[in-house]
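Notes follow once the structure below has been shown.
The values are calculated or read from the model by the stated rules, or taken from the named source; none is laboratory data. Bear in mind the structure is a predicted one, so any value in this text is a computation, not a measurement. Quick reminder, even Gly has a Cβ in these numbers, built from the backbone with ideal geometry, and neighbours come from all protein chains shown. Accessible surface is based on the protein model in full, side chains and every heavy atom, while ligands, DNA and RNA are left aside. Shrake-Rupley method; radii C 1.70, N 1.55, O 1.52, S 1.80 Å.
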Amino acid sequence: MKLRATLDPEDWQALRAQGHVMLDDMFDYLEHLRQRPVWQPIPQTVRDGFHEPLPTAPSELTALHRRFIDDILPYAAGNAHPGFMGWVNGGGTPVGMLAEMLAAGLNANLGGRDQIPIAVERQVVEWVREIFAFPESATGLFVTGTSAANLIAVLVARTAALGLAVRRQGLAADPRRLVAYASTGAHVCIAKAMDIAGIGSESLRLVAVNERFQMDVAALARAIADDRAAGLTPFLVAGTAGSVDVGAIDDLVALGQLARAQALWFHVDGAYGALAMLAPELAPHFSGIEQADSIAFDFHKWGQVPYDAGFVLVRDGELHRDSFASATSYLKRESRGLAAGSPWPCDFGPDLSRGFRALKTWFTLKFYGVERLGQMIANTCQLAQYLKRQIEASPALELLAPVALNIVCFRYRCSDDTTAHRVNAAIVVALQESGVAAPSSTTIAGRLAIRAAIVNHRTEAQDIDALVAKTLALGAIEISKTGKP
Ligand SMILES: *Cc1c(COP(=O)(O)O)cnc(C)c1O
């Protein structure tokens, strides 16, 4: 059989009808999310279904859509669901979904060239500068997530410390040994960025935290002095604004002052927390962020933009460009025609081909407006306080960390830590398998915690009530299994 050369359909009318069915199915899914379990264990038959041989012949679109509805949609992680409280995951929005569809239809490649999609990305860069009170000379870039954004910041800081020669000659050509600083509560992707940058993860000093889980600034000053005395070259302080474990915000004013006094690059990992700048009642906690040399954050967490939409903002735009721009004949720039519009996004990061992440972000910011987004963010923090009060009112539960923002770490009380570890780990798994609520776990000062991060705009007080009630019920069952209180 001779197959059509083009991949477009022969019958657009039929495709159009099927497309509308697919769109309606997703609206149904989002409208009635609450009636579904947050997450459910995946049947082996469903897993087995994704080990088929490479398809040689075509399939019907209706059949593929059926597979999606039956075998994919029910077994996603559930982060769109109001009961999802694990890790730090955004919920997405119907408007973001529609914008993704438009972006996919356009199939824009935002590496470069003279096109309005890049003007849309630059528009978001302007708005981000405004949110963080950065100067016009600051540059920004959409990336996959904060892991990539932190890496870009580490690389720009490395160029700032060693000069442009490091790009050509590598670290080996320079006798200086760079060291960086973050708190013990910093996300592991900063160590990974140090690793990928060739500086080494052990060159990231993890500074102790105080009782509010903020980096101990005096300990930081001592670590810098010790490293200088040992002949090393401190170059970077990475503050955390919204730590992944407990939502702690480092004292950014103090870190900024110390970094400036020591001539170090001051980076802020604000992956999920930084967008709290949109909530007037929360913004003061982030005071000092406007002094950063670079900020990494995600629109896909608290910003609710569909995955993925990470962002890096760099104060010194020229240095940012110098750290990544690479001249080559096939990427030559012109003043007119398609090759105009330099600098291009590919001059500010490692990616050449890039999707249109800016569009779903532009739609989200325009459609909701930052006032409403700020209120939504503040509301998740109020729900976290509501959960905190429920825990304090339940003798069987105890809080394990202060609630600075939207993350609540607690546990079911047991007679000893060993029992508590086992019981609470079992509760987290059972909660997830129940489909009622999906928190995750973490370890706070050696104690296993049930960790609820209220990130999703769909979460309401009833979801908090359900989490508490189910935790108490499961805790009683687990305790009865051990025979120990
Ligand atoms: C989520 C998170 C990261 C990683 O961001 P990704 O978008 O998942 O790559 C880094 N730091 C903090 C504080 C985070 O919460």
* Asked: Are there any pairs, at least 6 apart or on different chains, whose C-beta atoms fall under 8 Å, with the first in the range 57-80 and within 22 Å of Gln40 (Cα to Cα) and the second of a type in the set (Val, Ile, Thr), and if so, which?
  -> His65/Val21; Asp71/Val46; Tyr75/Ile42; Tyr75/Val46; Gly78/Val38
* Asked: Of everything in the range 150-199 that's within 12 Å of the ligand (Cβ to nearest atom) and open to solvent by 30 Å² or more (accessible area, probe 1.4 Å), which residue is farthest from Asn210 (Cα to Cα)?
  -> Leu151
* To do: Please determine, by comparing only the residues of the range 326-341 that are open to solvent by less than 90 Å² (accessible area, probe 1.4 Å) and touching a residue at least 24 places away in the same chain (Cβ under 8 Å), which one is nearest to Leu155 (Cα to Cα).
  => Leu331
* Scan Ala263, Ala271 and give me the residue that is within 16 Å of the ligand (Cβ to nearest atom), in a loop (DSSP other than H, G, I, E, B) and among the hydrophobic types (A, V, I, L, M, F, W, C). => Ala271
* Asked: Which of the residues spanning the range 236-254 are open to solvent by 10 Å² or more (accessible area, probe 1.4 Å) and assigned to a strand (DSSP E or B)?
  -> Ile249
* Filter the range 213-235 down to the residues that are in contact (Cβ under 8 Å) with a residue 40 or more places away in the chain and within 16 Å of the ligand (Cβ to nearest atom), then identify the one that is surrounded by the fewest Cβ atoms within 10 Å (Cβ to Cβ). => Phe213
* Asked: Looking at the range 122-139, is at least one residue touching a strand residue (DSSP E or B) at 6+ places or on another chain (Cβ under 6 Å), at pLDDT 95 or above and in a helix (DSSP H, G or I)?
  -> yes
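Name every residue in the range 84-113 that is of a type in the set (A, V, I, L, M, F, W, C), away from the ligand (no atom under 16 Å from the Cβ) and either open to solvent by less than 50 Å² (accessible area, probe 1.4 Å) or over 30 Å from Arg321 (Cβ atoms) (or both), in order of residue number. Let's see the steps before the verdict.
Going through the range 84-113, the residues of a type in the set (A, V, I, L, M, F, W, C) turn out to be 84-85, 87-88, 95, 97-99, 101-104, 106, 108, 110.
If we keep only those that are away from the ligand (no atom under 16 Å from the Cβ) as well, we get 95, 97-99, 101-104, 106, 108, 110.
Within the range 84-113, Val95, Met97, Leu98, Ala99, Met101, Ala103, Ala108, Leu110 meet the criteria.
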* Within the range 402-428, can you find the residues that are small (Gly, Ala, Ser), under 20 Å from Gly475 (Cα atoms) and buried (at least 17 other Cβ atoms within 10 Å of the Cβ)? -> Ala420, Ala426
* Structure fact -> Of (1) over 23 Å from His457 (Cα atoms); (2) within 28 Å of the chain's Cα centre (by Cα), His81 satisfies every one except (1)
* Structure fact -> Filtering the range 271-294 down to residues that are open to solvent by less than 10 Å² (accessible area, probe 1.4 Å) and over 27 Å from Leu448 (Cβ atoms) yields Ala274, Leu275, Ala276, Ala279, Phe286, Gly288, Ile289, Ala292, Ser294
* To do: Select from the range 200-211 the residues that are within 16 Å of the ligand (Cβ to nearest atom) and out of contact with any helix residue (DSSP H, G or I) (no Cβ under 7 Å at 6 or more places or on another chain) and write down the one among them that is least open to solvent (accessible area, probe 1.4 Å).
  => Val209
* Note down all Cβ pairs under 9 Å where the first residue falls in the range 436-451 and is part of a loop (DSSP other than H, G, I, E, B), the second is at pLDDT 95 or above and open to solvent by 50 Å² or more (accessible area, probe 1.4 Å), and they're at least six residues apart or on different chains. => Val436/Pro37; Val436/Ala469; Val436/Lys470; Ala437/Lys470
* **Single residue of Ala430, Ala401, Ala425 found to be outside any helix (DSSP H, G or I) and hydrophobic (A, V, I, L, M, F, W, C)** => Ala401
* If you go through the range 445-485, how many residues are modelled with pLDDT of 95 or more, within 15 Å of Arg411 (Cβ to Cβ) and open to solvent by less than 40 Å² (accessible area, probe 1.4 Å)? -> 10
* Asked: open to solvent by less than 50 Å² (accessible area, probe 1.4 Å) and of a type in the set (S, T, N, Q): does that describe Ser323?
  -> yes
